[in-house]
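Heads up, the thing below is written out as structure tokens.
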Amino acid sequence: MKVLVSGGMGYIGSHTVVELLELGHEVVIVDNLYNSQIDVLDKIKTITKINKLKFYEADCSNMNIMDNIFNKEQVDAVIHFAGYKAVGESVLKPLMYYQNNLNTTMTLASLSEKYKVKHFIFSSSATVYGDQVSPLHELMELKVTTNPYGETKKMSERILKDFSRNNKDMNITLLRYFNPIGAHKSGLIGEKPQGIPNNLMPYVTQVAKGIREKLFVFGNDYDTVDGTGVRDYIHVVDLAKGHIAALMNAKSNFNIYNLGSGVGTSVLELIHTFERVNGIKIPYDIVERRPGDLATVYADASKAKKELHWGTKLTLEDMVKDAWVFEKNLR
Ligand code: NAD
Ligand code: WQD
């Protein structure tokens, strides 16, 4: 298949491109490098030693530019990762988030219709479930999220659902990711946040490297195993493989799948696993809860297992080990 990957230079996109290339697919990446660097392209080529890869530096919400790319490339599938993803920033700059995240989705959907693309896969998020009791299942009603970022994911889902009704020949799949962490085992690609990391794993690796003095654990008074927040961490390589499984096996006109492990891990459990596996102490302070955080979020991962024949294979140990190898290699 020939696959257009929007946001393919980013964290999850680059890992998915590697999996696609290794399975013999042809890939066209479109990314404006807003949150990624050009060297990722060479790293993908170093890992895969495959050249069936094209890159366009372009904004996926620009209809004219994207129309030219679709016209020229005639792709079979679109995997749409491009978007902004910082929850806190989305509260401060809501219009920027609505504009980019919705316009990229609508532009790509509209061109997929025009050029008769067969498969359209969208990066959604567990955040669309809002505050509900885990395990979270695809059939649950979506709830209000605490931030514009989450709303852009819910709105994009709704747009694509409505769009699917008039595009019965297209397989449209929404993938709701839980918490992707870790990196490719080569240590060449991974998550490289700009500035102070918002997410737990990159913060931990930066503390391990001495870039930050200590971790701040946001609350230890939740109703969880040790009082700290519980999340469903998924190795980014397993997540990338979930896209391939969706491309191959999601056969209906409109599909929704959780991509998670189905297992909850607390902040302290993650820290202690990191310390044990990598032999590095992570100093931390317990501080106030972070506004908007939920106590426990994990997936019911059974639907993807049953219908996509996909499940996570890599462990929390693999995740913390690979995240650290990537951080050590950086700069
Ligand atoms: P990322 O920021 O690393 O990658 C996104 C890529 O999209 C970047 O390379 C960025 O330069 C590019 N981009 C942004 N706007 C663009 C535009 N208008 N045109 C072209 N390129 C553009 O993020 P990620 O972690 O790889 O996330 C990928 C997708 O998955 C996003 O849609 C994100 O919301 C979603 N998601 C991420 C997580 C997570 O925890 N990382 C969880 C759930 C969902
Ligand atoms: C995990 C746990 C924190 C940082 C966010 C988005 C979500 C999704 C994934 C895209 C929580 C705790 C964190 C720190 C901490 N992204 N923590 N100290 O909040 O589950 O989800 O990223 O869709 O939409 O909201 O992930 O990694 O930020 O936090 O104690 O410095 O670690 O309180 O319990 P989260 P996270």
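State to the nearest 20 debye the size of the charge dipole of the range 1-126 about its Cα centre, where the only charges are +1 on K and R beta carbons and -1 on D and E beta carbons. Working shown, then result.
Numbers: 12 positive and 13 negative charges, 35 e Å.
Dipole size: approximately 180 debye.
Contact order normalised by length for the range 41-177, with contacts defined as Cα pairs under 8 Å and 6 or more residues apart; what percent is it?
About 27 percent, as a whole number.
Go ahead and run the numbers for FRET between Lys2 and Gln132, Cβ-Cβ distance against an R0 of 35 Å, rounding to 0.05.
On the way: r = 39 Å, r/R0 = 1.10.
With R0 = 35 Å, the Cβ-Cβ based efficiency is 0.35.
Using the Cα centre as the reference, give the magnitude of the dipole from point charges on the C-beta atoms of the range 67-124 (Lys, Arg: +1; Asp, Glu: -1; all else neutral), rounded to the nearest 20 debye.
20 debye
Can you give the charge dipole size of the chain about its Cα centre, rounded to the nearest 20 debye, using +1 on the beta carbon of Lys and Arg and -1 on the beta carbon of Asp and Glu?
On the way: 39 positive and 38 negative charges, 146 e Å.
The calculated dipole for the chain is roughly 700 debye.
Could you grab the relative contact order for the chain? Cα pairs under 8 Å, six or more apart, rounded to a whole percent. It would help to have the intermediate numbers written out before the result.
Working: 673 pairs, mean separation 60.9, N = 331.
Once normalised by length, the contact order is 18 percent.
For a quick check of your reading of the filter: which GluC sites (Glu not before Pro) in the range 265-305 sit in a DSSP loop and have no more than 11 other Cβ atoms within 10 Å? Intermediate results must be reported in sequence, preceding the final value.
Values: sites: Glu269, Glu275, Glu288; in loops: Glu288.
Here the sparse-neighbourhood loop sites are Glu288.
Which of the helices in the chain, when you take each full DSSP H run, stretch at least 24 Å along the axis at their Cα atoms and have an average Kyte-Doolittle score of -0.5 or higher? Could the numbers behind the result be given before it?
Numbers: long enough: 94-114 (30 Å, -0.40); 148-165 (26 Å, -1.32).
The qualifying helices are 94-114.
Taking only the alpha carbons of the range 55-206, what extent do you get along each of the three principal axes, in Å, biggest first?
Principal extents (largest minus smallest coordinate, Cα): 44, 38, 32 Å.
Where does the chain land at 222 nm, in deg cm²/dmol rounded to the nearest 500, when only DSSP H runs of n ≥ 4 count, each adding -39500 (n - 2.57), divided by all residues?
Numbers: 10 runs with 128 residues, N = 331.
Value at 222 nm, helices only: -12000 deg cm²/dmol.
DSSP loop (so not H, G, I, E, B), at most 15 other Cβ within 10 Å: list which trypsin sites (Lys or Arg not before Pro) in the range 168-228 pass both filters. It would help to have the intermediate numbers written out before the result.
Values: sites: Lys168, Arg176, Lys185, Lys209, Arg212, Lys214; in loops: Lys168, Lys185, Arg212, Lys214.
Passing sites in the range 168-228 are Lys168, Lys185, Lys214.
Loop-only GluC sites (Glu not before Pro) in the range 134-170, please: DSSP not H, G, I, E or B, and at most 14 other Cβ atoms within 10 Å. Intermediate values should be presented prior to the final figure.
Values: sites: Glu138, Glu141, Glu151, Glu157; in loops: Glu138, Glu141.
Loop-located and lightly packed - Glu141.
Given a cut-off of under 8 Å on Cα pairs at least six residues apart, what relative contact order in percent is computed for the range 242-306? Can you show the working numbers first?
Details: 31 pairs, mean separation 34.7, N = 65.
Relative CO of the range 242-306 lands at 53 percent.
Going by Cα centres, the range 219-242 and the range 87-136 are how many Å apart?
Taking the Cα centre of each part, the range 219-242 and the range 87-136 sit 22 Å apart.
Any number yet on Rg/Rh for the range 217-331, C-alpha, Kirkwood?
1.03
Throughout, read-outs are computed from the coordinates displayed, never taken from laboratory work. Quick caveat: nothing in here was measured; it's all calculated off a predicted structure. Neighbour counts are summed over all protein chains in view; Cβ atoms, including those assigned to glycine, are modelled from backbone coordinates with ideal geometry.
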